[in-house]
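Notes for the one structure printed next.
Bear in mind that the values in this text are calculations on the coordinates, not laboratory data. Model, not experiment: these values are computed from the prediction. Backbone-built Cβ (ideal geometry, glycine too); neighbour counts: all protein chains shown.
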Amino acid sequence: MNKWIKITTLSLALCALMAVSAFAAPITYTFKPFDNTGTSADINDLDHSKFYAWEISQFALASNVHITGAQLTFSGIYNWQSESNDRLYIHLMDSTPAFSPALSLVKSATGKDADLRAGYTKTYNSRLLQGTDNQTGGDNFSGKGTLLTPVWSDPDDNRTANTLLFDLAKLGGSINLNGTINPGTTNILTTLEAYLRNGNNFTFGFDPDCHYYNTEVSFTITTNSNPVPEPGTMVLLGAGLLGLAIYGKRRMSKET
């Protein structure tokens with residue numbers, strides 16, 4: 001086989017494989033809630049007299065894209081004061097359950113960006129709702145959706161600001177004395193994905209049974225980016241593989 005044909009064939013195959021593998025890069029989308037001014041993502045500092053529902057809607061996943069990671073993070077969170085039964089209950093739900101009286105709207109945004117990188121921008125709608133229980137209702141979302149475990153309380157009782165991270169692939173762990181979470185083995189990524197495919201939405205329910213000041217709440221979703229290759233990519237891959245087959249066959253013929 002002419003050496004230039006060999007080089008061209010191998011180059012085509014290499015380009016095809018690179019084109020296909022380029023689709024495998026993960027993409028991470030970041031969501032943030034509000035306070036009542038719309039300028040901070042601290043959910044009104046998780047007031048102990050309230051409970052909250054943070055809704056994300058109109059965030060669609062392609063049929064061949066899957067969630068490979070998800071994390072809910074509280075930055076600079078600390079307990080207002082040490083009391084008995086201090087807890088922060090958090091639930092992941094398909095949608096916001098009905099309450100009586102109905103939850104009131106804190107803030108909403110339509111067409112908010114989940115990722116600002118060129119080519120990956122994805123928009124969604126977001127609403128923060130709240131109800132009032134005056135810290136007497138325990139877990140208002142009990143029995144609804146999936147409880148994120150372990151249920152957090154501030155164990156050091158000295159108002160030290162913590163970074164609290166719930167990894168949805170490693171729930172069910174334990175809480176260290178400094179307030180951080182040891183990873184567990186419970187994975188609910190498929191649950192989150194099912195919620196999104198059921199209507200392009202999900203809801204977090206927060207019930208703070210103490211006042212939990214914080215600087216920011218954020219939620220990230222990481223997906224595998226494996227869409228169906230474009231026709232041009234498939235032609236390129238086919239040409240490369242065909243060329244490799246021809247090259248291999250002719251080489252075997254010469255050797256025999």
If you stretched the chain out fully between Leu177 and Thr132, how much longer would it get, using 0.36 nm times the residue separation minus the C-alpha to C-alpha distance?
13.1 nm
Around His91, what is the net charge, scoring Lys/Arg as +1 and Asp/Glu as -1 over all other residues with Cβ under 13 Å from its Cβ?
-2
What is the sum of charges around Ala60, taking Lys and Arg as +1, Asp and Glu as -1, for the other residues whose C-beta is under 11 Å from the C-beta of Ala60?
+2
Too long at a 23 Å Cα-Cα cut-off: which of Lys112/Lys170; Lys32/Lys107; Lys144/Lys170; Lys50/Lys144; Lys50/Lys170?
Lys112/Lys170; Lys50/Lys170
Extension gain Thr186-Lys112, at 0.36 nm per residue separation less the Cα-Cα distance, in nm?
23.6 nm
Ranking request for peptides 44-52, 190-198: highest mean number of other beta-carbon atoms within 10 Å first, then the rest in descending order.
44-52, 190-198
